[in-house]
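Undergrad: Here it is, the structure in full.
The values are calculated or read from the model by the stated rules, or taken from the named source; none is laboratory data. Small disclaimer: the values here were computed from a predicted structure and weren't measured. Virtual Cβ from ideal backbone geometry, glycine too; neighbours counted across all protein chains shown. Note: areas computed on protein heavy atoms with side chains; ligands, DNA, RNA excluded. Shrake-Rupley method; radii C 1.70, N 1.55, O 1.52, S 1.80 Å.
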Amino acid sequence: MPRWRVGLQLRLILGFAAVLALSMAAASLCTGFAAHSEVSRIQDEQDRVRAGRILAALGEYYDASGGWNGAQSFVNRIGFQSEREIVVLDVDGNVVADNRPIRRRHDDRGHRVLFNAAIPRGPLPPQEYFVAIEYGGQEVGSVAIAVGRRGHPEYIFPDSHVDEPHDVEPPLTQFTERVTKTLILAGLVAGVVGILLVLLLSRRMLGSIGNLTAAARRLGRGDLSSRVPVRGNDEVAELGHAFNNMADALEDSERQRRAMVSDVAHELRTPLANIQGHIEAMQDGLMQPNAENLDTVHQQTLHLNELISDLRLLAETEARELSLSMEPAAIGEIVNDAVGSFRPHADSASIRTSTEIADGLPAVSVDRLRIRQVLGNLLDNAIRHTPAGGVVTVAARHHDGGVRVEVADTGSGIPPDALPHVFDRLYRADPSRDRATGGSGLGLTIARQLVEAHGGTIWAESEPGQGSRFGFDLPAAEH
């Protein structure tokens, strides 16, 4: 079951969305708490001030009336105006005024009746809720003041030290100032929390990038074994895989370069040693400079020149510096020309050659000389690896809208472990036989580079004892 990929972009979106949501939640909670706290404080302060005014008004009423006569009407009026429940007791603890809502009750027969207005409307509040009413320095009664909230009364303790009946209530601007300060503080806290969350979320990504940077520096200093650990399956992980693949390719390229230098030195040493040995023998009089000996030196010189030319061509193709003269061409003509030029060589080795050209093949856009060279390298390789009495067949057929060219032989085949390396530079599945037959080990590598320069692909198939098939595919020419 394929793993669901969480890309870096989605991670960043989700991360910043989470940071934003947490920041907004933190700001909302802080602001809500501050607003509730400030409203409660202002409400409590207003209740205290208004209760102090009621306490002062009751003292003035006692002074003006000379007692508590008619106090019920006065309490009803100020209770209605202030929306407060007021219970007034005289110095003996008797109820002289009570404006609390009338409680209904049921008699023994289940009928609903009302309390008598002169009777206290329900149980009296606890004694600790009462505050003394003073007149002329003496206590003349007590009062309990409540505000109805959440379905039940909440009793208020007025500040007994407030002598001014017109004590100022807290302005609502305090609420705005407090909430504004809380919003600023909440914003700062949310910002700090957001920064911490971003650092936490980005830690893994920055750690992976740091590993990549360190590995790239080591690679730049020549440590081709440098690799990065890869975790996850996001874009950073893809970058890590790409870096490791690049490092693998560089390490493999460096290994091939060193092997090529060693192999080229060995390949150049053999003909040079032969030439040097023949010349020194002629100089010492051990060998006569006759036609046969000079021909041997000439053949070694030609082999040396061929190797140098192949190396130069290979360097140009790998550096993408090879100039191609592209033109539409019929692949059948190129195949027939190549096979015709190699037929004498095959006949001398008692090897039969044949061609199979399909009808109606599309034209291909190629450099005739270079594709002819590709076919020549494949034919030369097939003839050298086919024993006397064998057959080399060259076929051209339709393939994926383009053409496919195959060179098949009836030789001994290629071992499975050697097949993936047949297009490598200077690689030999059978070094002794290749060197004996004069191969440079670069022909198949050059063929691969030339085919790829034409936008095609080259391939090889073989089974030991069943011969080999080499071929390349080319796209059709654009009309």
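Undergrad: Identify all residues within the stretch 271-291 that are among the polar types (S, T, N, Q) and either touching a helix residue (DSSP H, G or I) at 6+ places or on another chain (Cβ under 6 Å) or surrounded by 14 or more Cβ atoms within 10 Å (Cβ to Cβ) (or both); write none if there are none. Before the answer, list the steps.
TA: Of all residues in the stretch 271-291, those among the polar types (S, T, N, Q) come to 274, 276, 283, 288, 290.
Of everything in the stretch 271-291, just one residue is among the polar types (S, T, N, Q) and either touching a helix residue (DSSP H, G or I) at 6+ places or on another chain (Cβ under 6 Å) or surrounded by 14 or more Cβ atoms within 10 Å (Cβ to Cβ) (or both), namely ASN274.
Undergrad: What number of residues within the stretch 206-233 satisfy the criterion of being on the phi > 0 side of the Ramachandran plot and acidic (Asp, Glu)?
TA: Residues that pass the stated criteria total 0.
Undergrad: In the stretch 196-230, what residues are of a type in the set (Lys, Arg) and either in contact with a Cys (Cβ under 6 Å, 6 or more places away or on another chain) or under 21 Å from ALA18 (Cβ atoms) (or both)?
TA: Matches in the stretch 196-230: ARG203, ARG204.
Undergrad: Quick check on the stretch 127-143. Is at least one of its residues modelled with pLDDT under 90, open to solvent by 50 Å² or more (accessible area, probe 1.4 Å) and touching a helix residue (DSSP H, G or I) at 6+ places or on another chain (Cβ under 7 Å)?
TA: Yes: the stretch 127-143 contains one or more residues that are modelled with pLDDT under 90, open to solvent by 50 Å² or more (accessible area, probe 1.4 Å) and touching a helix residue (DSSP H, G or I) at 6+ places or on another chain (Cβ under 7 Å).
Undergrad: While we're here: On the given criteria, is SER208 over 30 Å from GLY32 (Cβ atoms) and surrounded by 12 or more Cβ atoms within 10 Å (Cβ to Cβ)?
TA: So SER208 fits the description; yes.
Undergrad: Of the conditions (1) hydroxyl-bearing (Ser, Thr, Tyr); (2) within 54 Å of the chain's Cα centre (by Cα); (3) loosely packed, with under 15 Cβ neighbours inside 10 Å, THR317 fails just one. Which one is it?
TA: All conditions are met except number (3).
Undergrad: Also: Just to be sure I understand, how many residues within the stretch 41-86 are out of contact with any Asp or Glu (no Cβ under 9 Å at 6 or more places or on another chain), within 30 Å of ARG178 (Cβ to Cβ) and among the β-branched types (Val, Ile, Thr)?
TA: Selection size over the stretch 41-86: 1.
Undergrad: What number goes with the only condition from (1) of a type in the set (D, E, K, R); (2) surrounded by fewer than 17 Cβ atoms within 10 Å (Cβ to Cβ); (3) under 30 Å from SER262 (Cα atoms) that ARG352 does not pass?
TA: Of everything listed in (1) of a type in the set (D, E, K, R); (2) surrounded by fewer than 17 Cβ atoms within 10 Å (Cβ to Cβ); (3) under 30 Å from SER262 (Cα atoms), ARG352 misses just condition (3).
Undergrad: For the stretch 380-414, give me the residue count where each residue is of a type in the set (A, V, I, L, M) and open to solvent by 60 Å² or more (accessible area, probe 1.4 Å).
TA: Count: 1.
Undergrad: Quick one: in the stretch 1-35, which of the residues that are outside any helix (DSSP H, G or I) and open to solvent by 50 Å² or more (accessible area, probe 1.4 Å) is modelled with the lowest pLDDT?
TA: Taking the candidates together, the pick is MET1.
Undergrad: Just the residues that are more than 14 Å from ASN211 (Cβ to Cβ) and assigned to a loop (DSSP other than H, G, I, E, B), please, taken from the stretch 224-257.
TA: LEU224, SER225, ASN233, ASP234
Undergrad: Now for a different question. Looking at ARG368 and the list (1) within 56 Å of the chain's Cα centre (by Cα); (2) loosely packed, with under 14 Cβ neighbours inside 10 Å, which single condition is not satisfied?
TA: Looking at each condition in turn, ARG368 falls short on (2).
Undergrad: Quick check on the stretch 67-74. Is at least one of its residues open to solvent by less than 50 Å² (accessible area, probe 1.4 Å) and assigned to a helix (DSSP H, G or I)?
TA: yes
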